[in-house]
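Student: Got a structure for you, questions after.
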Amino acid sequence: MADTILHINTERGWRGGEAQTLRLALGLTARGHRCLLVVQPESALFGRAADAGLDPIPVPMNGEMDLLAARRIGRLVKSEGVALLHYHTAHAVGLGTLATCFSGRRPAVASRRVSFRLRGLFLGRLKYTWRVDRILAVSRAIKDRLIAQGFDAGRIVVVHSGIDPERFAAGGRERFRASLRAIDPGFREGLFLAGTAGHLAAHKGIDLFLEAAALAVPERPDLRFVVIGEGDEEPRLRRLAMRLGLLDRVLFTGFREDMPDAFAGLDLFVLSSRSGEGSPAVVKEAMAAGVPIAATFLEGLDELVEDGVHGLLTPPGNAPALARAMVLLASDAALRSRLRVAALERVREFSADRMVEATEAVYRSLLRGDEQGQGQRLLHGSAE
């Protein structure tokens with residue numbers, strides 16, 4: 001199969017979904033497919049796709065009912081001989097479906113990356129089923145949630161997001177730590193550094209990370225903490241760090257491009273999300289970098305990390321439990337080593353190549369009209 005695939009991503013910023021969109025388009029292109037990538041003008045994805053050698057198509061998209069954008073996309077579908085559409089955001093689903101009213105019906109796939117309940121259940125089901133042939137859920141937990149909301153299990157395929165393990169195995173610990181010393185000259189080698197990374201949104205639970213940090217410090221005075229990322233919650237989180245007495249112990253670095261170095265510079269990675277995670281790439285990246293993990297036990301995360309085998313999992317929202325896990329890992333080098341080795345083996349199952357292969361198989365099954373095709377039988381692409 002070497003068909004033309006049209007990908008639509010409506011986001012302007014850069015988060016995990018945009019990284020996965022680009023990774024998939026590049027992987028499919030390397031396999032000989034022609035990928036057209038419709039993105040917002042001047043978006044982060046536009047710039048990164050262009051830098052990566054793709055030729056992204058800028059289309060202003062103002063919501064999922066933007067008729068002008070839908071007409072432009074519909075004309076593109078017809079003129080470029082698009083065989084299949086792939087929607088990478090919730091708004092892309094509505095907008096792309098509307099575009100097919102102008103271009104004619106094409107097989108279509110929609111990615112679902114978060115575990116939040118669909119808004120407006122009836123309309124949500126309609127949106128993800130009318131002229132949408134498959135939903136690609138990034139975890140079994142998301143698939144189960146969709147089924148509970150009335151979706152046909154046979155139309156949902158689990159395809160975990162993928163990473164490049166080799167990239168994250170090649171980070172530079174000293175480069176990252178030197179950059180921290182540039183921010184805070186008091187930061188020194190020999191400190192045990194626990195960090196978290198992600199968009200600074202409420203559901204990410206960065207406040208829980210800070211609360212756990214404050215509880216852990218009395219037992220491990222050598223602990224220092226870093227928060228990597230940006231978002232609307234940052235001012236509130238900085239105020240919380242001040243109230244908790246952590247100002248001299250926590251660094252907010254903002255968004256960083258050097259994540260392989262950042263992971264290499266950490267002694268412990270913490271994911272403290274409260275909800276919404278599907279199959280968090282940041283956990284896979286930390287695993288690939290050989291960083292021990294303490295995380296909240298969310299639906300979907302247990303598909304990546306088995307408690308006590310690949311990392312330590314604690315109940316969501318429980319700062320004392322997360323603090324205990326942090327202290328335990330900081331105090332037990334043998335445990336860190338054991339978890340690290342198991343995680344490095346485990347993360348091989350979540351490579352970008354496997355994600356591209358499983359997605360390609362779903363495309364193939366639709367383009368061949370094979371309702372029970374191999375796209376539903378591949379590892380990470382099962383319809384269980």
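Student: For the range 246-292, which residues satisfy the criterion of being among the β-branched types (Val, Ile, Thr) and touching a Phe, Trp or Tyr at 6+ places or on another chain (Cβ under 7 Å)?
Tutor: Val250, Val270, Val291
Student: May I pose another question? Based on what the data block shows, is Ala2 aliphatic (A, V, I, L, M), assigned to a loop (DSSP other than H, G, I, E, B) and either surrounded by fewer than 22 Cβ atoms within 10 Å (Cβ to Cβ) or on the phi < 0 side of the Ramachandran plot (or both)?
Tutor: yes
Student: It is to be established whether one or more residues within the range 15-33 are without any contact (Cβ under 8 Å) to a residue 60 or more places away in the chain, in contact with a Pro (Cβ under 8 Å, 6 or more places away or on another chain), surrounded by 18 or more Cβ atoms within 10 Å (Cβ to Cβ) and in a helix (DSSP H, G or I).
Tutor: no
Student: Okay, moving on. Tell me the residue from Leu191, Leu215 that is assigned by TED's automatic domain parsing to the domain that holds Ala325, surrounded by 14 or more Cβ atoms within 10 Å (Cβ to Cβ) and either closer than 30 Å to Ser351 by Cβ or at pLDDT 95 or above (or both), please.
Tutor: Leu215
Student: Collect the residues in the range 297-346 that are surrounded by 22 or more Cβ atoms within 10 Å (Cβ to Cβ) and without any contact (Cβ under 8 Å) to a residue 24 or more places away in the chain, keeping them in residue-number order.
Tutor: Leu313, Thr314
Student: A further question follows. Please count how many residues of the range 113-131 are more than 22 Å from the chain's Cα centre (by Cα) and in a loop (DSSP other than H, G, I, E, B).
Tutor: Count: 4.
Student: Okay, moving on. Could we say that Ala241 is assigned by TED's automatic domain parsing to the domain that holds Glu306, under 17 Å from the mean Cα position of the chain (by Cα) and modelled with pLDDT of 95 or more here?
Tutor: Spelling it out, it is not the case that Ala241 is assigned by TED's automatic domain parsing to the domain that holds Glu306, under 17 Å from the mean Cα position of the chain (by Cα) and modelled with pLDDT of 95 or more.
Student: Quick check on the range 273-299: of everything there that is within 12 Å of the chain's Cα centre (by Cα) and in a loop (DSSP other than H, G, I, E, B), which residue is farthest from Gly16 (Cα to Cα)?
Tutor: Within the range 273-299, the match that is farthest from Gly16 (Cα to Cα) is Gly276.
Student: Right, here's the next one. Say we look at the range 322-361 and pick out the residues that are aliphatic (A, V, I, L, M) and closer than 30 Å to Pro107 by Cα; which of these is farthest from the chain's Cα centre (by Cα)?
Tutor: Among those residues, the one meeting the criterion is Ala361.
Student: Every residue in the range 43-64 that is charged (D, E, K, R), without any contact (Cβ under 8 Å) to a residue 24 or more places away in the chain and assigned to a loop (DSSP other than H, G, I, E, B), please.
Tutor: Asp55, the sole residue that qualifies.
Student: Here's a follow-up. Among the listed residues Ala99, Ala92, identify the single one that is closer than 16 Å to Ala137 by Cα and assigned to a helix (DSSP H, G or I).
Tutor: Within the list Ala99, Ala92, the selection yields Ala92.
Student: Please enumerate the residues belonging to the range 196-223 that are over 20 Å from Pro320 (Cβ atoms) and either among the basic types (Lys, Arg) or not in a loop (DSSP other than H, G, I, E, B) (or both).
Tutor: Ala197, Ala202, His203
The values are calculated or read from the model by the stated rules, or taken from the named source; none is laboratory data. If you're wondering where the values come from, they're calculated on a predicted model, not measured in any experiment. All Cβ positions, glycine included, derive from the backbone under ideal geometry; neighbour counts span all protein chains shown.
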